[in-house]
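Participant: Got a structure here, written out as structure tokens. Questions coming.
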Amino acid sequence: MTGPSDPPDVPDLSVGLSREEAIALRESFDPEEQERISHTVADLLDLLGKTHTMAVLSAFAFAEGSLRFSDLESELAVAPNTLSTRLLDLTKAGLLDREAYNEVPPRVEYTPTEKTEQLFPVFAHLHHWAIEYEL
């Protein structure tokens, strides 16, 4: 699902915004659209806050192409039931596409959607931050 049309003055978000630019952008929308955007951001943060969701998406952000369940399981050391739940959550949210192949043994591959690919700069930014800082 795509969102409403961007206003003509929306900057290129791939280069990042200053705090002031982000505030001005938010205020450029009518109150109803601001409310919709706020709910979408809250829903996204709720999803990203679930255990191992960020790790799963980060694996896709730095992978070349599709990943199998077993690829993610070995890379992330996540319990299979938790990984399965996260992949289902991400698929239902439209952030991953799931392709099951009629093979023995069964093969399932997950591919990030365009919506997810638009989140990938966030992971690059977080890794860059981690180069400079520690918690």
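Participant: Apply the Karplus curve 6.51 cos²θ - 1.76 cosθ + 1.60, θ = phi - 60°, to the phi angles in the stretch 61-66 and return the couplings in whole Hz, x for Gly and Pro.
Facilitator: Along the stretch 61-66, the couplings run 4, 10, 9, 9, x, 6 Hz.
Participant: Same structure, new question: Mind listing the long-range amide H neighbours of residue 96? Cut-off is under 5 Å, sequence gap 5 or more, other chains count too, H placed in the peptide plane at 1.01 Å from N.
Facilitator: For residue 96, whose amide H was placed from the backbone, the distant partners under 5 Å are 91, 113.
Participant: Over its Cα atoms, what ratio of radius of gyration to 2.2 N^0.38 Å does the stretch 64-135 give?
Facilitator: Against the compact-globule rule of thumb, the ratio is 1.28.
Participant: Something else about it: Looking at the chain, identify the longest residue range that excludes and avoids all chymotrypsin sites (Phe, Trp or Tyr not before Pro) in DSSP loops having at most 16 other Cβ atoms within 10 Å.
Facilitator: Here the longest segment lacking exposed loop sites spans 63-132.
Participant: Could you state the number of Å between the C-alpha centres of the stretch 105-131 and the stretch 62-79?
Facilitator: 11 Å
Participant: Show me, for the stretch 23-35, the HN-Hα J-couplings you get by feeding each phi into the Karplus relation (A = 6.51, B = -1.76, C = 1.60, θ = phi - 60°), rounded to Hz, glycine and proline as x.
Facilitator: The phi angles translate into 5, 4, 5, 4, 6, 6, 8, 5, x, 5, 5, 4, 5 Hz.
Participant: If each of residue 42 and residue 99 carries a label point 7 Å out from its Cα toward its Cβ, how far apart are those two points in nm?
Facilitator: My value for the distance between the label points is 3.7 nm.
Participant: Which value in nm describes the separation of the simple spin-label points at residue 35 and residue 92, placed 7 Å from the Cα toward the beta carbon?
Facilitator: Calculated label separation equals 2.6 nm.
Participant: Same structure, new question: Relative contact order for the stretch 30-112: what is it in percent, counting Cα pairs under 8 Å that are at least 6 residues apart?
Facilitator: 27 percent
Participant: Provide the gained length on full extension for the span residue 64 to residue 22, in nm with one decimal, where the gain is 0.36 nm per separating residue minus the Cα-Cα distance.
Facilitator: Gain on extension, residue 64 to residue 22, equals 12.0 nm.
Participant: Find the all-direction average of the projected area of the Cα convex hull for the chain, expressing the result in square nanometres with one decimal place.
Facilitator: 10.3 nm²
A short reminder: the numbers here are calculations on the coordinates, not readings from a lab. Small disclaimer: the values here were computed from a predicted structure and weren't measured. Don't worry about glycine lacking a Cβ; one is built from the backbone with ideal geometry, like all the others, and counts go over all protein chains shown.
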